[in-house]
1. Do the conditions hold for residue 452, that is, is it closer than 28 Å to residue 464 by Cα and surrounded by fewer than 21 Cβ atoms within 10 Å (Cβ to Cβ)?
2. Please give the number of the condition residue 171 fails out of (1) assigned to a helix (DSSP H, G or I); (2) of a type in the set (D, E, K, R); (3) open to solvent by 20 Å² or more (accessible area, probe 1.4 Å).
3. Within the range 148-167, can you find the residues that are over 10 Å from the mean Cα position of the chain (by Cα) and closer than 22 Å to residue 330 by Cβ?
4. Among (1) farther than 25 Å from residue 538 by Cα; (2) open to solvent by less than 10 Å² (accessible area, probe 1.4 Å); (3) touching a Gly at 6+ places or on another chain (Cβ under 9 Å), there is one condition residue 446 misses while meeting the rest; what is its number?
5. Quick check on the range 530-537. Is at least one of its residues over 16 Å from residue 473 (Cα atoms) and within 34 Å of the chain's Cα centre (by Cα)?
6. Just give me the residues in the range 188-237 being open to solvent by less than 30 Å² (accessible area, probe 1.4 Å) and of a type in the set (Gly, Ala, Ser), in sequence order.
7. Could you grab the pairs with beta carbons closer than 8 Å, sequence gap of 6+ or different chains, first residue in the range 490-507 and part of a helix (DSSP H, G or I), second one open to solvent by 10 Å² or more (accessible area, probe 1.4 Å)?
8. Residues to consider are 498, 428, 463; find the one that is more than 22 Å from the chain's Cα centre (by Cα) and open to solvent by 10 Å² or more (accessible area, probe 1.4 Å).
Amino acid sequence: MRFIFAIALLFTMHASADVLRSDEQQALLETLEQADAARSSDPSTLSKAINRISPVDLHPADFNYYRYLKAYSLYFQGDSVSAVSLLKRIEQEASGDTYFRAVALLTNLYSLQGAWREGLEITTTLTRSLGDITTVRVRSQVLGAMSVFYNQLGDYQSAEFYATQLINTTDIPRLGCAGRGALAEALLNQNRLDALKSVLDEWISYCEQADEAMLVALLHSFLAQAYIDEVRVEDAYQVLSNQLDRVQAINYPALTARVLSQMAKTELLRGELENAKSFASRALAAQPSQVYQPALVMAFDVLYQVSEAQQQYQQALVYLKSYYDSQRQLNDDTEVRERVIQQQRIANLESQTRIDLLGKENALLRTQSELAEQQSSNNRLALALAFTLVLMLLLLTYRSRRLQHRLRRIAETDELTGVANRHHFNKLAKNRIDEANVRNKQMAFVLFDLDHFKDVNDTYGHLTGDLVLKQAINAVRSVCRSDDLIGRMGGEEFAILLPGCSIDKALELAESCRRAIEELCRQTNDLPINLTASFGVADAATTGYEFEALFAGADAALYQSKSMGRNQVYQYAEGQLQTMQPTLA
């Protein structure tokens, strides 16, 4: 689970002693420094101080300091766009500590806005600058900003690396607390719950002593999420209940939405439906900008399940659609972040390969040059070395191309199931649909979703969930033809493109897939659950030869299949839905 939360890593900046200020200007500077020191433990102090100060009354040397704190205040209030604008101006005008503070916060804000490539450019610059930074506080802030950014990007190993460096670098309690918060998030998202729980009580105590209320609440939220993942409902309830007043007093929208949605999930698991409904509604109201997408998904899921349990089926359908929309948006964002990570890794590997090739070539050329200066009797040796050089260059070039081919395959394939990922599937599907249109060939499209798959993860754990996904796709592959294209759209949702297939044959194939998935538990002891899937089918004869139209038709049919009880195959036909009822086992 990804949590968009830029941990406060900012430290008090002292003005140069050789700047001459009036008494009023000195008093304003001291006000800024006091607000800076308290900004993460008492954010309201910063906001009040910024609102009281007029920039024209400041000494010119303190103006960027004021703008920096203004940007931080805007960010905390949720106005990241205005904050980014201010920080970019500081980036262009400032130098030294002020520059690094602004750039570090700008990195965090880029992660809030999903500007991953811009954030990667800044982190690359910061990485190169680490060796040149001699101020411990500045270095600590840069390490913290990078750990936060990589957590939001989804590169949790890099986040863990930089957070650990921060903890080992700083002796300042505030920054040490921030490093522990970033490391806790990285461990949680890597599902290393035992390692997290073994240190979390100590880290919470550390942050309480540092008087970092927001980070204390966040660490408790991580602990509660670990309990929820392990279905330790009462433990999660106790942790969250004790933090509600603290979270509401802090009044940071993303944190409030996270804790309220967790509370809603916990109350649902406890069977307290009205409480679950109340907390889920409050979670949605807490973040009007919808900045923390996982909280939306969790809140809509709880509202759907509560409405269904209370037999309010019309309202349940509304919440179910909202849940799917927010889940799909989250999947799209996850796909973008994974693609950025893959592209960055490919670029790094290609760059390193070129460096290695140049290094080996230069080394061999130097050796050849030295030998050429010796006696002419060494000509044979020089020729042999030249031949070796060519042979090694050819070998390295071959290995580089193989590496690029392997990396390209990784970037196009879903790692767990082995089918095409969403980006690659969409690209291939559009090409095949265009070709079928030109040649006037039939084309059908199937969307299917494993029913109640989230319950599998919640009940049996993610390892069993991964096994279920792989077994289900293997069952579908055994039914599909060799030229059918299968892709993972995100989570438990998959698509099949059926070239040269009429709607009748597509419905038959979808029904065969449904039966194959339903039969899994009878055929193997590996799956401890009864697994079913819902299908939606559309064909080009009805929707036209446009990928988006085929997808929308199949999606509408899939939505109807789920709303009518699941484990069925529905067909989209000119604005009305037709169903193929499942065969009873």
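1. yes
2. (1)
3. 148, 149, 157, 158, 159, listed by residue number.
4. Exception for residue 446: condition (1).
5. The answer is yes; a qualifying residue exists.
6. Listed by number, the residues that qualify are 210, 213, 217, 221, 224, 226, 236.
7. 503/539; 503/541; 503/542; 503/571; 503/573; 506/539; 507/571; 507/580
8. 428
The values are calculated or read from the model by the stated rules, or taken from the named source; none is laboratory data. The structure presented is a predicted model; accordingly, all values stated were derived computationally and were not measured. So basically every Cβ, Gly included, is an ideal-geometry build from the backbone, and we count neighbours across all protein chains shown. Side chains are part of the model used for accessible areas, which takes the heavy atoms of the whole protein and leaves out ligands, DNA and RNA. Shrake-Rupley method; radii C 1.70, N 1.55, O 1.52, S 1.80 Å.
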